[in-house]
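Quick notes on the structure that follows.
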Amino acid sequence: MALVESVSLPTGWEAKDFKLMGVDEREYSLDDFKRKKGLLIVFSCNHCPYAIASWPLLVELYKKWGDKVEFVVINPNDPKMYPEDNLEGMKRLVKDYGVEFAYVVDETQEVTREYKAQCTPDPYLFKRDDGVLRLFYHGRINDNWQEPEKVRERSLEEAMEKMVKGEVSPKEQKPSMGCSIKWK
């Protein structure tokens, strides 16, 4: 598996709309995420070791921040290349990790391309600004995906806290890294 870093995007970049099917067999769009201060979109999957390590962290972040920030995870991968990333695998993952937020699939990969996602996981934190979702943070979850007990910097959570408090975006946004997107 190729290790890839996320690309840099400017803060203020506007979220792109989408219509994607969730594991709950419901179609989601940006309109479904209008109730809170912000939206966390994470491109992730079921098979990548980096993504697997991120799932418990995302569940933990949702428990802590889900009352203020909405969450959606988008699976961008081609399930023909990686069958574990198919819809049934996604449903199992949701059950196994106790995921309480939307997990959707980008079958055409058009949304993934619009967001310029490169790897799994690839987190995007958007702040609601006069009804428009604008990029507040695009970077890594933390500084040690392999050894959670040695994490010193919780980059995504710190950005969420700043956003919720109405502070400015973090100046330093180190890229996320993970497995490359499995393009069709």
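Scanning region 94-118 for residues that are among the aliphatic types (A, V, I, L, M) and touching a helix residue (DSSP H, G or I) at 6+ places or on another chain (Cβ under 7 Å) yields VAL99, VAL105. In region 111-137, which residues are of a type in the set (A, V, I, L, M) and surrounded by 18 or more Cβ atoms within 10 Å (Cβ to Cβ)? Listed by number, the residues that qualify are VAL111, ALA117, LEU125, LEU133, LEU135.
Summed over region 34-46, residues that are under 15 Å from the mean Cα position of the chain (by Cα) and either at pLDDT below 95 or hydroxyl-bearing (Ser, Thr, Tyr) (or both) total 1.
Selection of region 138-168 for residues being of a type outside the set (Lys, Arg), under 26 Å from LEU3 (Cβ atoms) and either surrounded by fewer than 14 Cβ atoms within 10 Å (Cβ to Cβ) or without any contact (Cβ under 8 Å) to a residue 40 or more places away in the chain (or both) yields ASP143, ASN144, GLN146, GLU147, PRO148, GLU149, VAL151, GLU153, SER155, GLU158, ALA159.
Answer yes if at least one residue in region 109-116 is under 25 Å from GLU161 (Cβ atoms) and either polar (S, T, N, Q) or under 13 Å from the mean Cα position of the chain (by Cα) (or both), and no otherwise.
Looking for residues that are under 25 Å from GLU161 (Cβ atoms) and either polar (S, T, N, Q) or under 13 Å from the mean Cα position of the chain (by Cα) (or both), one finds at least one in region 109-116, hence yes.
When each of VAL69, VAL23 is tested for being at pLDDT 95 or above, more than 12 Å from the chain's Cα centre (by Cα), more than 19 Å from ASP122 (Cα to Cα) and crowded, with 19+ Cβ neighbours inside 10 Å, the lone residue that passes is VAL23. Quickly run through region 118-129 and pick out the residues that are in a loop (DSSP other than H, G, I, E, B) and either farther than 23 Å from LYS37 by Cα or at pLDDT below 95 (or both). The answer is GLN118, and nothing else. Of all residues in region 37-69, those that are without any contact (Cβ under 8 Å) to a residue 60 or more places away in the chain and among the aromatic types (Phe, Trp, Tyr) total 2. If I filter region 102-110 for residues that are surrounded by fewer than 17 Cβ atoms within 10 Å (Cβ to Cβ) and of a type in the set (Val, Ile, Thr), do I get at least one hit? The answer is yes, given that some residue of region 102-110 is surrounded by fewer than 17 Cβ atoms within 10 Å (Cβ to Cβ) and of a type in the set (Val, Ile, Thr).
The numbered conditions (1) outside any helix (DSSP H, G or I); (2) under 18 Å from LEU61 (Cβ atoms) are all true for ARG134 except (2).
The values are calculated or read from the model by the stated rules, or taken from the named source; none is laboratory data. Predicted, not measured: the structure shown is a model, and the values here were computed from it. Cβ sites come from the backbone with ideal geometry, for glycine too, and all protein chains shown count toward neighbours.
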